[in-house]
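These notes concern the structure reproduced below.
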Amino acid sequence: MEDCLAKKMEITVSEAEKRTGRNAMNMQETYTAYLIETRAVESQSEGQCAPVDSLWRRYSEFELLRNYLSVTYPHIVVPPLPEKRADFVWHKLSADNMDPDFVERRRIGLENFLLRVASHPVLCQDKIFYSFLTQEGGWKEMVNETGFQLKADSRLKALNATFRVKNPDKRFTELKHYSDELQSVISHLLRVRARVADRLYGVYKVHGNYGRVFSEWSAIEKEMGDGLQSAGHHMDVYAASIDDILEEEEHYADQLKEYLFYAEALRYVQKCIAQMEAVVLSSNIVLMLHLVWYRLLFSKKWKFQCCGISTVRTFSLKGMTSKLFGQETPEQREAKIKVLEEQIQEGEEQLKSKNLEGRDFVKSAWADIERFKEQKNHDLKEALISYAVMQISMCKKGIQVWTNAKECFSKM
């Protein structure tokens, strides 16, 4: 972790800007660009003022970067991007992806994504990622030159075609169930939060009606007028505070959404592990078929029938092999046997290589999953505690409003 990029470079997504341009179909479109600023940490520690490098990136470029990382590092739980369009929102909040509040939350999410990658012990060393942060032009060409899209298409076909392994690794089977449950639980939690926010919004706004009624009442009262007017003011302030409160709450919801999307990243790693297990199993099957065929060639019955020694007339292996291979000379048979021996040797080497690759892949994947679990436990604990503190603070404000109103009424 001492060598990670986050220790050497400050990374911020400092600004979002609405732009208009033309897409690949030469049609006009409106999009949001984000300003990425980087600064070397070493220069600052030496007392020098390090220059800030900056460049603009679109959300689609962030998507390209993450797709590249997912394909290149299938054993890693790659951090997810913030949502492209708002979901799980309470009805008073805009779901427009150009809404300033939503764009601001997405800016924070994109910065968090870059910091997650820059802090990862493996991803932070990727040259393409570094170029994404520091190189304005030619970055997409560098990504395309890696051929990652062909790998992505190939892996997608392989994942779809992967047959079920009879005895899969129990740990990763459990991981699939866990990722499914995690996504389900967080989705439900976000839906409940949205409903609570709707009702809370209504409760707060109704207090505005108290303020209006108290103000109207104060106009017809002489002795009670000042107290009613003051109480109405407290109610108005309380009612108006809900917009900022729920906007702040959306940031806590975004932290939950990050792990909602992390669940999909976990499933992707699990699928890649299943694919690796299937590849190893397939190599075993091919090698066994070669061995069976090799043994058949060298069986006594095969040799006798090929030499025409067998006296069994009900079934002629010689006749069958003649149909399969034609009339062969001993030299031709020896040549085929030699080829088969070479294929078996090659298959054994490939199987050994695949087994080694599979073990390394599973070991690396499980190490990264354990790293992710520690991160998840810490982040969700902090998010839930902060959410609870915010709710307590909101309740205290409500108590304070009615305490102030009580004092106003007492002075009447």
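Restricting the range 345-394 to residues that are of a type in the set (Gly, Ala, Ser) and at pLDDT 85 or above leaves a set whose member that is farthest from residue 245 (Cα to Cα) is 364. Of the helices (runs of 4 or more DSSP H) lying entirely inside the range 74-168, those containing at least 3 residues that are of a type outside the set (S, T, N, Q), out of contact with any strand residue (DSSP E or B) (no Cβ under 8 Å at 6 or more places or on another chain) and modelled with pLDDT of 85 or more are 100-119, 127-134, 139-145. Among the residues of this structure, residue 216 does not count as one that is outside any helix (DSSP H, G or I) and either modelled with pLDDT of 90 or more or open to solvent by 40 Å² or more (accessible area, probe 1.4 Å) (or both). If you filter the range 358-388 down to residues that are touching a residue at least 12 places away in the same chain (Cβ under 8 Å) and of a type in the set (A, V, I, L, M, F, W, C), you find that the one that is most open to solvent (accessible area, probe 1.4 Å) is 366.
Might you check whether a residue that is open to solvent by less than 20 Å² (accessible area, probe 1.4 Å), under 21 Å from residue 391 (Cβ atoms), of a type in the set (Val, Ile, Thr) and not assigned by the TED database to the domain that holds residue 74 occurs anywhere in the range 240-248? Yes, the range 240-248 contains a residue that is open to solvent by less than 20 Å² (accessible area, probe 1.4 Å), under 21 Å from residue 391 (Cβ atoms), of a type in the set (Val, Ile, Thr) and not assigned by the TED database to the domain that holds residue 74.
In this structure, does residue 191 turn out to be in the same structural domain as residue 352 (by the TED database) and out of contact with any Phe, Trp or Tyr (no Cβ under 7 Å at 6 or more places or on another chain)? It would help to see each step written out before you state the result.
Working: in the same structural domain as residue 352 (by the TED database): yes; out of contact with any Phe, Trp or Tyr (no Cβ under 7 Å at 6 or more places or on another chain): no.
So residue 191 does not fit the description; no.
The values are calculated or read from the model by the stated rules, or taken from the named source; none is laboratory data. Predicted model, so just to flag it, every value in this text is computed and none were measured. Here Cβ is always computed from backbone atoms with ideal geometry, including for glycine, and neighbour counts include all displayed protein chains. The accessibility values were calculated without ligands, DNA or RNA, using every heavy atom of the protein model including side chains. Shrake-Rupley method; radii C 1.70, N 1.55, O 1.52, S 1.80 Å.
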